[in-house]
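See structure below.
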2 protein chains.
Amino acid sequence: MEPPRVPRLKDVAAAANVSVSAASKILRGDQSRFGEDTCRRVAEAAKRLGWRRNLLVSGIQTGRTQTVGVMIPPYDSFWVNVLSGIHRRLAEADYLPITVWQGDLDHMPHFEADEQEGVRQINRLLDRRVDGLIMWPSFGLAYEDHLADLHEKNVPVVVIDHSSDNPFCDAVTTNETQATKAVAKHLLDLGHRRIACISTRESKSQTWALERRDAFENAVHQQPDAQCMSWRLNPIGSNGVEVARELLGSELRPSAVFAVTDHEAACVYEAAASLGLSIPADLSVVGFADLDFAVSMAPPLSTVRQRPLEIGAHAASMVLDRLNGPLAGEPLGCAKIDADLILRESTGPARR
Amino acid sequence: MEPPRVPRLKDVAAAANVSVSAASKILRGDQSRFGEDTCRRVAEAAKRLGWRRNLLVSGIQTGRTQTVGVMIPPYDSFWVNVLSGIHRRLAEADYLPITVWQGDLDHMPHFEADEQEGVRQINRLLDRRVDGLIMWPSFGLAYEDHLADLHEKNVPVVVIDHSSDNPFCDAVTTNETQATKAVAKHLLDLGHRRIACISTRESKSQTWALERRDAFENAVHQQPDAQCMSWRLNPIGSNGVEVARELLGSELRPSAVFAVTDHEAACVYEAAASLGLSIPADLSVVGFADLDFAVSMAPPLSTVRQRPLEIGAHAASMVLDRLNGPLAGEPLGCAKIDADLILRESTGPARR
DNA sequence: CTGAAAGCGCTTACAG
DNA sequence: CTGAAAGCGCTTACAG
């Protein structure tokens, strides 16, 4: 008795009575050049023998492994959903992600990438000949030099949530402008004219904070009689409550506050409580991110919910499109994915 | 000007003035058969040229890709940490996980595997010649037939958190017996003699519930004058509060309850509150899992914390050890990872 | 201690 | 419309 040998292409070819090269071409979908009957015979033989292409071999031939490296930690539910979106979109195209990251859950918030280890990760991926790469923001920055290499090697890279001026990768981010405009419109429609924005962490690796504040200010100023004052926390965002107290205690107390993150919104809640201000009667508050706790705040926080599944799927699509599709050879770009304003109970009409 | 061609092994060999086969052997670590000087020259040349082995090619030669398929969704922080443990251990050995899953975060709790899609996933993994496979419990069950195939193909499979009697895979689970004994000992030491266990979901794919209850009962019964009564919720565990109320309202009200999960412990809290019983004065409660909310319950819940990082790392080690190491050819087994009893404020001495 | 040759399982010019 | 041959970049017997 023979051992149950994995069938080879030549077995399929023999069974279908064609040459190996004919079988190869037909099974890759190049049916046009062969007789209909031949194609049927080959397809049938492959199926009957249970033949599966050895992707390692076709990978070294074609330069494509149908595999994408993903450097994104499953840091919180947002990122897990981004990963999920990537995974799903790739699977549809019969691609698979190879996901790598550093550290563990407890050490991710800082995610100061250990550059040594990061380069090792990239190399591990490249050694397996991934067709493309998707990374999260701080990586895109840390490995800027390597991105140039990859670009030269024709390995497309997409960075998520970081609008980079890096000329070597595509990007996909939340459409901060659209989302933030919706917030501004909502507050203006409620009659608010003295509005504040609390921002934080406007660092090089986290461009969203700056973008949100900027777009929000612009949107508010579209309304001639509206004012927008912006307050920035310290770089690590640890003095949120103090800043909020100062802001709310000032003579020019705003009637509405937009926080670039739900975390800062929570600080505003705390400051408001300590000053005896009630939300939304005295003060409307809008956050951003719709973090787990937002819905159970008192009152439930109005906030902006991003679309991580869509972001991930779009990133995957960009890689695929660069590889074979419509994006091949096109200039690099940055896709913006809309977000949704979730109205809960932290916003109300401005007092006359 | 030449394009920046990726260096081949023959380039390294030429630079070091040896044959390709010599370079190959030396770079794989088979230094013994060559002169010290030769080895140094080759290593140096490889480094200087920036040569990296093409893992696709060596994969088809050696049958090893240094890649492990992982079918585990990042469902919650426990599983994310399991993934993290797997990832880290594999990376140490210069292996990489290819992680695949079905559905998205919102649909994972049910995770009724779509078997069609699951088989497609396994095939995608196998097409890329993963050296082994790690899966989560329900998959191990759903693909029992395929596991036999894989076993025959010498692809080691490790299933996590499911003590299977399946003869085709290794397993690693929490050491339910050790953990549960610690709970029993703690309650007995506090003087409790009338003790209850609330369990749920003792299904085929979730063997832990049954194991916990069983081991707990045994441990309590080691104490001659102690009694243990067990209550089971309905299969989907939705009647926890009712069952707990019944249990606590009965004449034989226990002074301590062990819940096989923090979720059931929360039900006990609710039932106790509604009956005017105070925890821990009237009733001690211990949970299992140390879910996010356990620490912020009132009073903070004493519970068992598993070691997901260690579980993941051990699973990865088992695969690696089967592949080359001490486990090669050994009979299949099930590793048990200890868990830790976290004492908080929900347990106190039994009333006299 | 070292190298020439065959081979892994496919794909791709190229020739008919 | 189809096939024989060369080649992808390594590893591995095998021969010296």
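Taking the numbered list (1) closer than 20 Å to A:ARG344 by Cα; (2) without any contact (Cβ under 8 Å) to a residue 60 or more places away in the chain in turn, A:ASP282 passes all entries but (2). Within region A:22-43, the set of residues being near DNA strand D (Cβ under 8 Å from one of its atoms) and modelled with pLDDT under 90 comprises A:SER32, A:ARG33, A:PHE34, A:GLY35, A:ASP37, A:THR38, A:CYS39. Against the list (1) more than 7 Å from every other protein chain (Cβ to nearest Cβ); (2) within 15 Å of A:ILE98 (Cβ to Cβ), the condition B:ILE98 fails is (1).
At least 1 residues being over 30 Å from B:HIS87 (Cβ atoms) is the threshold, and among the strands (runs of 3 or more DSSP E) wholly inside region B:268-352 those reaching it are B:284-286.
Okay, residues lined up against (1) within 22 Å of A:VAL295 (Cα to Cα); (2) not small (Gly, Ala, Ser):
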residue	(1), (2)
A:GLY191	no, no
A:TRP208	no, yes
A:HIS221	no, yes
A:CYS228	no, yes
A:ASN239	no, yes
A:PRO254	no, yes
A:ASP262	yes, yes
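Restricted to region A:4-21, and to residues there that are more than 8 Å from DNA strand D (Cβ to nearest atom) and open to solvent by 90 Å² or more (accessible area, probe 1.4 Å), the residue that is nearest to B:ASP127 (Cα to Cα) is A:ARG8. Assess whether A:ILE60 counts as being open to solvent by less than 60 Å² (accessible area, probe 1.4 Å), touching a Leu at 6+ places or on another chain (Cβ under 8 Å) and within 14 Å of another protein chain (Cβ to nearest Cβ). No, not satisfied. Give the residue, chosen from A:ASP338, A:ASP321, that is farther than 15 Å from A:VAL285 by Cβ and touching a helix residue (DSSP H, G or I) at 6+ places or on another chain (Cβ under 7 Å). From the options A:ASP338, A:ASP321, the qualifying one is A:ASP338. Helices (runs of 4 or more DSSP H) fully within region A:8-124 that include at least 2 residues being more than 16 Å from DNA strand C (Cβ to nearest atom): A:36-49, A:77-92. Taking the criterion of being in contact with a Ser or Thr (Cβ under 8 Å, 6 or more places away or on another chain) and within 16 Å of DNA strand D (Cβ to nearest atom), the only residue of region B:66-99 that qualifies is B:TYR95.
For B:GLY59, the requirement of being closer than 26 Å to A:MET71 by Cβ and within 10 Å of DNA strand D (Cβ to nearest atom) is met.
The values are calculated or read from the model by the stated rules, or taken from the named source; none is laboratory data. Note that the structure is predicted; figures quoted are calculated from it, not measured. Please note: Cβ atoms are built from the backbone with ideal geometry, for glycine as well, and neighbour counts cover all protein chains shown. Just the protein is used for accessible areas: all its heavy atoms, side chains included, with ligands, DNA and RNA removed. Shrake-Rupley method; radii C 1.70, N 1.55, O 1.52, S 1.80 Å.
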